[in-house]
1. Might you let me know whether the range 129-138 holds any residue that is within 30 Å of Gln307 (Cβ to Cβ) and not β-branched (Val, Ile, Thr)?
2. Check Thr351, Thr324 and return the single one that is closer than 18 Å to Ala16 by Cβ and free of Cβ contacts under 8 Å to residues at least 60 places away in the same chain.
3. Across the range 111-136, what is the number of residues that are touching a residue at least 12 places away in the same chain (Cβ under 8 Å), within 27 Å of Gly352 (Cβ to Cβ) and either acidic (Asp, Glu) or open to solvent by 40 Å² or more (accessible area, probe 1.4 Å) (or both)?
4. Restricted to the range 23-42, and to residues that are open to solvent by 50 Å² or more (accessible area, probe 1.4 Å) and touching a residue at least 60 places away in the same chain (Cβ under 8 Å), which residue is farthest from Gly126 (Cα to Cα)?
5. If I go through the range 322-350 residue by residue, how many of them are in a loop (DSSP other than H, G, I, E, B) and either open to solvent by 70 Å² or more (accessible area, probe 1.4 Å) or in contact with a Ser or Thr (Cβ under 9 Å, 6 or more places away or on another chain) (or both)?
6. Within the set of pairs 6 or more residues apart or between chains, which connect a residue that is under 17 Å from Pro25 (Cβ atoms) and assigned to a loop (DSSP other than H, G, I, E, B) inside the range 144-172 to a residue that is open to solvent by less than 40 Å² (accessible area, probe 1.4 Å) and of a type in the set (Lys, Arg) with Cβ atoms less than 7 Å apart?
7. Go through the range 154-174 and give me each residue that's under 30 Å from His202 (Cβ atoms) and either of a type in the set (Asp, Glu) or open to solvent by less than 30 Å² (accessible area, probe 1.4 Å) (or both).
8. In the set Gln353, Gln315, which member is outside any helix (DSSP H, G or I), among the polar types (S, T, N, Q) and in contact with a helix residue (DSSP H, G or I) (Cβ under 9 Å, 6 or more places away or on another chain)?
Amino acid sequence: MSTKLTPIAPPQGPSATLIYNDWYPAMRCESLHGETLTTVMLMGIPLVLGRRSDGRLFAMRDSCPHRGIPLSCGWFDGQNLTCKYHGWAFEPVSGQCKEIPSLTSHDTLDPARIYGTAFPCEERDGYAWVYVPEPGSGRVRADEATLPPVPEAPKFGPRFRTQHLTADLPCNVDHGIIGLMDPAHGPFVHQAWWWRKQASIHEKEKHFEPIEQGFRMASHTPSANSAPYKLLGVYGEPITTSIDFVLPNRRYETIRAGDKWFSSITTVTPTVTNACRIDVYAAWNVFYHVPFVTTIATFFGKRFIEQDQVTMIQQAEGLKYDPTLMLIDDADRPAKWYFALKQARLEAASTGQPMKHPIPGPVTLRWRS
């Protein structure tokens, strides 16, 4: 099930430096069928997406390399994407030009040597994931062995239900991500009888450890002041949860109670340099046979994300003046780690040297929430 929250006004705040050479979720795949073309903005790049007649997804820069008209204005027959201006036709997965109608028998130009900008595009968890290389790095093929794995939520069995939520945020990706990993805002932003109340705030202690490209909140018993976790107590099994953050933008959460499980992947994706989009994909087998469980989960999940969205809209009013900000220990340490990880990755990309992980080892953090 997929739910899209109400679009918001254009952002006016500061931009963020973007991380390239990785996969980002461009959009959900529900509308990519037949000869339909869909346009999205990703990392400041206008894209046109579709699905070939053999089922393969494609993502091209929405611009004909000939004269720049959007390719989405043209025609797609399930095989080739044809520009409406001069009829140049492209195979959209590779971007290779297949035909230039204006050429005559006297021309020596080989259309097959011309490529529109095509990006590797793969389907996972109902998303079209697009690999975005560093600008100027040249054409990247989808079958290149050097590409990292396409992200997806972990699953622990063949039978599960799913839910998807998405919301636009009027801030740059940095503010979206540190809001995503912020452990202290819950009792204030998400006050509700079904989640928690401000009066339930108490001291917490969590253990963290470095992982490749990120960090992990080690497996632990979830907070006792969150109603959804309490519901899992009906299974009579110990409840554990672990949370990973992985560059450039992914938060994984796994909750286990015996053979019952819930997992999610949440991403904050830059649409442009000063705006982003949050996507939550969840899979679970808890309460599998309870009627309307997906409808109920969608209702409460949508409310939860809306509370974050409203807060980010309000924060954007202050951020558009680019104020000086401060981060504190220990509640803001994950945010500090994110900025340090991002800087380390950007430096590694610029120098060609291996990335130096900024977190030296296991760390225990304490805060109240």
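The values are calculated or read from the model by the stated rules, or taken from the named source; none is laboratory data. None of the values given here were measured: they were computed from a predicted structure. Please note: Cβ atoms are built from the backbone with ideal geometry, for glycine as well, and neighbour counts cover all protein chains shown. Remember, those area values only see protein heavy atoms, side chains included, never the ligands or the DNA or RNA. Shrake-Rupley method; radii C 1.70, N 1.55, O 1.52, S 1.80 Å.
1. Checked against the condition, which is being within 30 Å of Gln307 (Cβ to Cβ) and not β-branched (Val, Ile, Thr), the range 129-138 yields at least one hit.
2. One residue alone meets the criteria, Thr324.
3. So the answer is 5.
4. Restricting to residues being open to solvent by 50 Å² or more (accessible area, probe 1.4 Å) and touching a residue at least 60 places away in the same chain (Cβ under 8 Å), the top hit is Met41.
5. Result for the range 322-350: 8.
6. Pro151/Arg250
7. Answer for the range 154-174, where residues must be under 30 Å from His202 (Cβ atoms) and either of a type in the set (Asp, Glu) or open to solvent by less than 30 Å² (accessible area, probe 1.4 Å) (or both): Gln163, Leu165, Ala167, Leu169, Cys171, Asp174.
8. From the options Gln353, Gln315, the qualifying one is Gln353.
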